[in-house]
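*Asks:* Provided herewith is a single structure, encoded as structure tokens, for subsequent inquiry.
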Amino acid sequence: MKNLIIVDNPFVKRDVTVLREAGTQPADFRSALSRVSYALAIEIGKTLDLLEYEVTTPLEKTKGYKLKKQIVLVPVLRAGLSMVSSFLEMIPDAKVGHIGLQRDEKTLEPIDYYYKTPNNLDESVTILLDPMLATGGSAVASFNYLKKRDAGNCILACLIAAPEGVNKMYSEHPEVPIYTAALDRQLSNIGYILPGLGDAGDRTFGTF
Ligand code: PRP
Ligand code: URA
């Protein structure tokens, strides 16, 4: 599938298994999610442009590099919060915006309750963080908002994607690359990803 990058390495496969396992408790769930987020950040980092500049070591001058563009991380509340610290470890000078969305349990439509993002998104690379791409409603609504704020260079980082969500992103925001740790089979009739991992927010924060 075009623009879908499945981050596939043994550490990620092991940790996705930990996340899927129904008996995994929130502390272990959060640390596995955080390790997978590192892997996603590293994979995304491969595509970022660099600026070359001269650096002076204690011995001589040599070529150095810095990221060309400001990176803006935008976690979707709540579950996306658990991906932020890993991305910040890799990109310490990233700015962090927030989008608050919750799916209506009946209609599965996202209900928005909070937006706060930095200025100058047009000059930045904006990475949306949300572990679950299910119907795709939340991701599409988030990119609709970010594009209204002039975000041009957008990336989605998720943990588990359903084909339905990937297809919705393709039809609404086809240019946005989707990085995921797994592409699952389908959605259930109540909008959960199968086989999935259940409710990512509840499992992260222990609200069950
Ligand atoms: C989850 C998840 C995504 C959304 C994905 O959030 O974190 O934001 O569902 O579903 P979609 O692709 O069908 O829109 P949820 O609404 O459960 O909120 P929470 O993170 O506060 O638990
Ligand atoms: N949101 C979740 O947290 N899990 C799913 O399976 C679908 C949406």
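The values are calculated or read from the model by the stated rules, or taken from the named source; none is laboratory data. Predicted, not measured: the structure shown is a model, and the values here were computed from it. Heads up, the Cβs are rebuilt from the backbone with ideal geometry, glycines too, and the neighbour counts pull from every protein chain shown. Quick note on the areas: whole protein, heavy atoms, side chains included, nothing else; ligands and nucleic acids left out. Shrake-Rupley method; radii C 1.70, N 1.55, O 1.52, S 1.80 Å.
*Asks:* Suppose only helical runs count, i.e. DSSP H with n ≥ 4. What mean residue ellipticity at 222 nm does that imply for the chain under -39500 (n - 2.57) per run, divided by all residues and rounded to the nearest 500 deg cm²/dmol?
*Replies:* Working: 6 runs with 69 residues, N = 208.
Computed ellipticity for the chain at 222 nm equals -10000 deg cm²/dmol.
*Asks:* Please report, in cubic angstrom per residue, the volume enclosed by the convex hull of the alpha-carbon atoms of segment 38-152.
*Replies:* Values: hull volume 12.9 nm³, N = 115.
In segment 38-152, the Cα convex hull volume per residue is 112 Å³.
*Asks:* Across segment 95-101, in residue order, what do the Karplus-derived ³J(HN,Hα) couplings come to in whole Hz, using 6.51 cos²θ - 1.76 cosθ + 1.60 with θ = phi - 60° and x for Gly and Pro?
*Replies:* 8, 10, x, 9, 10, x, 9
*Asks:* Can you give the net charge of the other residues whose Cβ lies under 12 Å from the Cβ of Ala139, counting K and R as +1 and D and E as -1?
*Replies:* -1
*Asks:* For Met169, Met90, what's the largest-to-smallest order of accessible area, 1.4 Å probe?
*Replies:* Met90, Met169
*Asks:* Looking at segment 71-132, I'd like the Rg to Rh ratio, where Rg is from alpha-carbon atoms and Rh is Kirkwood's inverse mean 1/r.
*Replies:* Details: Rg = 12.5 Å, Rh = 12.2 Å.
We get a ratio of 1.02 for segment 71-132.
*Asks:* Over the Cα atoms, compute the radius of gyration (one decimal) and Dmax (the largest Cα-Cα distance, rounded to a whole number) for segment 12-57, in Å.
*Replies:* Cα only, segment 12-57: 16.5, 52 Å (Rg, Dmax).
*Asks:* Can you tell me the convex hull volume per residue for the chain, based on C-alpha atoms, in Å³ to the nearest whole number?
*Replies:* Expressed per residue, the convex hull around the Cα atoms of the chain is 133 Å³.
*Asks:* Follow-up. First compute the accessible area of the chain with a 1.4 Å probe, then give the percent of it belonging to carbon and sulfur atoms. Walk me through the numbers before you get to the answer.
*Replies:* On the way: 5660 of 10800 Å².
Here carbon and sulfur together make up 52 percent of the probe-accessible area.
*Asks:* Helices from the chain with mean Kyte-Doolittle at least -1.0 and a Cα length along the axis of 18 Å or more, per DSSP H: which? If you can, show how the numbers build up before the last one.
*Replies:* Working: long enough: 26-45 (28 Å, 0.45).
Once both thresholds are applied, what remains is 26-45.
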